[in-house]
1. Which residues' amide hydrogens lie under 5 Å from the amide hydrogen of residue 28, considering only partners 5 or more residues apart or on another chain, with H built in the peptide plane?
2. Run lengths n ≥ 4 of DSSP H only: what is the helix-derived mean residue ellipticity at 222 nm for the chain, with -39500 (n - 2.57) per run over all residues, to the nearest 500?
3. What FRET efficiency do you get for residue 22 and residue 54 if R0 is 22 Å and r is their Cβ-Cβ distance, rounded to the nearest 0.05?
4. Find the Rg to Rh ratio for the chain, where Rh is the Kirkwood radius over alpha-carbon pairs and Rg uses the same atoms.
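Values quoted throughout were computed directly from the atomic coordinates according to the rules given, and no laboratory measurement underlies them. Predicted model only: the values in this text are computed from it and were never measured. All Cβ positions, glycine included, derive from the backbone under ideal geometry; neighbour counts span all protein chains shown.
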Amino acid sequence: MTSATVTQVKCACPSCVCIVSISDAIQKAGKYYCSDICADGHPTGSGCSHHGCECHA
Ligand SMILES: [Zn+2]
Ligand SMILES: [Zn+2]
Ligand SMILES: [Zn+2]
């Protein structure tokens, strides 16, 4: 079996612009996030710290 398909999705955080591959993403409740911070809804109010992304909803 060859399954080299790398599926990329946008982080499910609404204000986040990051694209993550499913294999690297943080999965939570069936959604994919670029980081634990996004997955947790930015509890500390800080962003995901990825360059060019200003999400901190
Ligand atoms: Zn981000
Ligand atoms: Zn994110
Ligand atoms: Zn975010």
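1. 33
2. Dividing the helical sum by the residues of the chain leaves -1000 deg cm²/dmol.
3. On the way: r = 24 Å, r/R0 = 1.08.
It comes out at approximately 0.40.
4. Values: Rg = 11.9 Å, Rh = 11.6 Å.
Rounded to two decimals, Rg/Rh equals 1.03.
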